[in-house]
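The values are calculated or read from the model by the stated rules, or taken from the named source; none is laboratory data. Because the structure is predicted, anything quoted here is derived from the model rather than measured. Cβ placement follows ideal geometry from the backbone for every residue including glycine, while neighbour counts extend to all protein chains displayed. These accessible areas exclude ligands, DNA and RNA; they are computed on the full protein's heavy atoms, side chains included. Shrake-Rupley method; radii C 1.70, N 1.55, O 1.52, S 1.80 Å.
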Amino acid sequence: IGTYSHAEGVYSQAKCAASHAEGYACQTSSNEADRGQHVEGRYNDLSDVEGYAHIVGGGTSEKRKNIHTIDWNGNAYFAGTQIKIGNTTITEDQLKRLIDLLG
């Protein structure tokens with residue numbers, strides 16, 4: 001739909017200029033301030049697409065959701081509660097305790 005945009009997959013739409021949507025039922029913002037946006041995955045939350053450079057959708061046809069986003073300032077959001085690096089898993093609670101210890 002958007003000028004110079006690209007969509008691939010099933011039911012995906014790139015609505016803004018120079019944007020890219022891929023996967024299953026993913027859609028980019030239609031706001032021109034978000035031109036260049038990239039959305040991937042499945043069933044991203046359409047009410048929460050503006051203001052992000054990158055979105056990973058992880059929803060279903062019954063409930064759309066975003067599981068990872070990066071805004072235009074580089075701030076990231078992850079929906080999960082743990083980080084795994086190699087064989088080591090760090091939970092959200094462990095990370096909070098570490099931050100509290102470091103002050």
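Values computed for the structure shown
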read-out	value
Spin-label model distance (nm) - I90 vs S61, 7 Å beyond Cα toward Cβ	4.0 nm
³J(HN,Hα) computed for each position of the range 54-61 - Karplus, 6.51 cos²θ - 1.76 cosθ + 1.60, integer Hz, glycine/proline x	9, 9, 10, x, x, x, 10, 5
Accessible area (Å², per residue) of the chain, counting only protein heavy atoms and a probe of 1.4 Å	66 Å²
0 to 90° range, to nearest 10: angle between helix 92-102 axis and the chain longest Cα axis	60 degrees
Cα-based reach from K63 at 19 Å (exclusive), listing aspartates and glutamates while leaving out same-chain residues under 8 positions away	E22, E40, D45, D48, E50
Estimated Rh, the chain: Kirkwood, alpha-carbon pairs, angstrom	14.5 Å
Accessible surface of the chain [probe 1.4 Å, protein heavy atoms]: carbon and sulfur percent	51 percent
